[in-house]
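Inspection log for the structure reproduced underneath, given as structure tokens.
The values are calculated or read from the model by the stated rules, or taken from the named source; none is laboratory data. Being a predicted model, the structure only gives us computed values, none of them experimental. Positions of Cβ are backbone-derived with ideal geometry, glycine not excepted, and every protein chain shown enters the neighbour counts.
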Amino acid sequence: MTATKQEFESRLFINNQFVHAKSGKTITATNPADGSLVGVAEAAGPEDVDAAVAAASAAFKGEWSTFTGLQRRNCLVKLADLIEKRIPELARVDTLSMGVPIMLSQHFVHPWGVGILRSIAGYADKIEGQSFTDQDDGFYKIVEWCPAGVTAAISTWNAGLAYFAGYAGAALAAGNTFIYKASEKAPFNALMIADLIPEAGFPPGVLNIISGGGETGALLASHMQIRVIGFTGSAPTGKKVAELAARSNLKKTILELGGKAPGIVFDDCNIENVLQTCGDIFLSINGQACTASTRILVQSTIVEELTKKMKERFENMEALIGCNPIEPTSRVGTLADTKQLEHVLKGFEIGKESGKLITGGSRKGTTGCYVQPTIFVDVEEDSKLWREEVYGPVVLIKSFETEEDAIRMGNDTEYGLAAQIFTRDIARAIRVSRKMDVGVVTINSGGIGDNQSSFGGMKGSGLGRTGGWYGVKEFMEPKSIKINMKV
Ligand code: NAD
């Protein structure tokens, strides 16, 4: 197909070159603030995915396999340095595609992504193993971690560069080759860094970037030559990815899925901190964060005070909605697209049937994907709203009497990604943390992204982990070598 005349790169990046998709298919990104066209990207079909895998497969056996850990590290650090110079453009395209305030995109999301890439690069020459002496059985045993081969990741839109950095950084530090598919809602940020890949020193085929929607994702998940696939997205899609992976070649999956995090608020907390975390920060991204506290469990002694203050915060933030997220003064963005808008409005209706609306509950205005920050109280614990993810600016507040009640209510969901605990009693915070069936607990803060600790969910929130060495290991296989010392 012919290239679409537009501001942003639309082609696929395979073997260190931009190429047109053979599929003839495209995906379209529109601006959720006003419905205008952001751009059209070419979508990879079966032949294109095969071409990316063939390039990655040849690269895995080629020059890349001779790179030392330090050389791999240097390529990743150089890529991070080059990406950093493009942050303003990357932030702009993400804001246009999915409505995050430009201030957040430029000063938080993209610098975070660059930091992840730099930090994870450091593991490339520090891949360690284990050894066991022959004292017990006459065999000296070595366990080595080996790269898995051709690997890939499929991602979501809310912090695209951070997901790219986490998956590509881990896979390449480990010595694999890699194919990345961004979300169809924000496809241009990954394409915008593709030309930096050769400049950073990666040989052709090592790092490939393709675009497309669910069909392209499914081609990656079911490809017979891909050995590990990372996926960040919703739980229902994650289950499909796991099924495709199992039905094809039993490739390993890393599934970073949704959540319904409890925020457990004890009466000795710093209330202003709770209001900032569960109010201002949560609303600046319109509640579109997988780890956000969407079920706020409050000790009965302060539930009235906290609910009143949260209502005020939510209403103050509502007054700021409507400023186009591309404006540097914007503090609250939009929902990602009209599909997400419909989903959130449906959540509001379910909430009105199963709880009491305190504030919000409607769309804001008639253009753009803006909704009112919304609070429900007394939501029934067996209702869909209590159990299922909305992924919008809506919180449910419920009171508890005892620590045990809070733990039971917090764990009463199939999700197990994150929990937040607000208290000045650190012994209690640690005690409660240990009882939460989640992969990440944050004390006196929202879900923060760091470069060192593990990130990922228990129960229905996923499989495997990203983050630091935990993420690198997911892209490797342990191999045991046993030496008979008696021969
Ligand atoms: P989604 O599941 O709709 O899409 C995610 C990705 O999957 C996209 O790239 C999409 O093209 C692809 N996809 C769709 N169908 C597919 C299929 N059949 N096979 C393979 N790939 C397919 O999710 P979304 O709307 O992009 O993201 C929102 C969800 O992501 C929320 O549930 C949120 O909690 C979750 N999320 C999780 C994390 C985390 O790290 N745990 C981070 C951010 C968002």
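Things to note:
- Cβ-Cβ under 7 Å pairs, at least 6 apart or on other chains, region 55-76 side in the same structural domain as Pro203 (by TED's automatic domain parsing), far side buried (at least 17 other Cβ atoms within 10 Å of the Cβ) and hydroxyl-bearing (Ser, Thr, Tyr): Ala56/Thr177; Ala59/Thr177; Phe60/Thr177; Trp64/Thr177
- Figure legend. Inter-residue proximity from region 142-166: first residues polar (S, T, N, Q), second residues more than 9 Å from the ligand (Cβ to nearest atom), beta-carbon distance below 6 Å, spacing 6+ or different chains. Indicated pairs: Thr151/Ala171; Thr151/Asn176; Thr151/Phe178; Thr151/Val228; Thr151/Phe475.
- Region 232-268, residues that are touching a Leu at 6+ places or on another chain (Cβ under 6 Å) and either near the ligand (Cβ under 10 Å from one of its atoms) or of a type in the set (Lys, Arg) (or both): Ala235, Gly238, Leu255, Gly259
- Options Ala170, Ala91, Ala124, Ala174; residue that is buried (at least 22 other Cβ atoms within 10 Å of the Cβ), within 16 Å of the ligand (Cβ to nearest atom) and closer than 29 Å to Pro204 by Cα: Ala170
- Top-ranked residue in region 61-81 [being assigned to a helix (DSSP H, G or I) and over 26 Å from the mean Cα position of the chain (by Cα); ranked as surrounded by the fewest Cβ atoms within 10 Å (Cβ to Cβ)]: Thr66
- Taking the criterion of being surrounded by 13 or more Cβ atoms within 10 Å (Cβ to Cβ) and either touching a strand residue (DSSP E or B) at 6+ places or on another chain (Cβ under 6 Å) or part of a helix (DSSP H, G or I) (or both), the residues of region 235-249 that qualify are Ala235, Thr237, Gly238, Lys239, Lys240, Val241, Ala242, Glu243, Leu244, Ala245, Ala246.
- Among the residues of region 129-163, those that are more than 12 Å from the ligand (Cβ to nearest atom), surrounded by 15 or more Cβ atoms within 10 Å (Cβ to Cβ) and not in a loop (DSSP other than H, G, I, E, B) comprise Phe139, Tyr140, Lys141, Glu144, Trp145, Pro147, Val150, Thr151, Leu161.
- Residue within region 428-442 that is away from the ligand (no atom under 14 Å from the Cβ), in contact with a helix residue (DSSP H, G or I) (Cβ under 8 Å, 6 or more places away or on another chain) and in the same structural domain as Lys240 (by TED's automatic domain parsing) present: no
- Check on Asn189, part of a strand (DSSP E or B) and of a type in the set (S, T, N, Q): no
- Flag if Thr466 is modelled with pLDDT of 95 or more, β-branched (Val, Ile, Thr) and in contact with a Cys (Cβ under 6 Å, 6 or more places away or on another chain): no
- Of all the listed residues (Tyr370, Tyr391), the sole one being away from the ligand (no atom under 16 Å from the Cβ), aromatic (Phe, Trp, Tyr) and within 30 Å of Lys239 (Cα to Cα) is Tyr370.
- Failed condition for Ile281, given (1) modelled with pLDDT of 95 or more; (2) part of a helix (DSSP H, G or I): (1)
- Among the candidates Phe231, Phe266, the residue that is surrounded by fewer than 24 Cβ atoms within 10 Å (Cβ to Cβ) and more than 25 Å from Gln71 (Cβ to Cβ) is uniquely Phe266.
- Among the candidates Ile229, Ile197, Ile209, the residue that is under 22 Å from Phe475 (Cα atoms), part of a helix (DSSP H, G or I) and either near the ligand (Cβ under 8 Å from one of its atoms) or touching a residue at least 40 places away in the same chain (Cβ under 8 Å) (or both) is uniquely Ile197.
- Within region 32-49, being crowded, with 18+ Cβ neighbours inside 10 Å and closer than 13 Å to Leu96 by Cβ holds for Pro32, Ala33, Val38, Gly39.
- Conditions (1) touching a residue at least 40 places away in the same chain (Cβ under 8 Å); (2) assigned to a helix (DSSP H, G or I); (3) charged (D, E, K, R); number of the one not met by Glu84: (1)
- Considering Asp437, Asp450, the condition of being in a loop (DSSP other than H, G, I, E, B), in contact with a Gly (Cβ under 6 Å, 6 or more places away or on another chain) and surrounded by fewer than 18 Cβ atoms within 10 Å (Cβ to Cβ) is satisfied by Asp437 alone.
- Residues (without any contact (Cβ under 8 Å) to a residue 40 or more places away in the chain and not assigned by TED's automatic domain parsing to the domain that holds Ala171) located in region 232-277: Asp267, Ile271, Glu272, Leu275, Gln276
- Selection count where residues are small (Gly, Ala, Ser) and closer than 18 Å to Phe376 by Cα, scope region 321-354: 3
Residues checked against (1) more than 24 Å from Phe108 (Cα to Cα); (2) within 13 Å of the ligand (Cβ to nearest atom); (3) touching a helix residue (DSSP H, G or I) at 6+ places or on another chain (Cβ under 8 Å):
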residue: Ala406; (1), (2), (3): yes, no, yes
residue: Glu414; (1), (2), (3): yes, yes, yes
residue: Phe422; (1), (2), (3): no, no, yes
residue: Lys459; (1), (2), (3): yes, yes, no
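- So Phe400, is it in contact (Cβ under 8 Å) with a residue 12 or more places away in the chain and under 26 Å from Gly233 (Cα atoms): no
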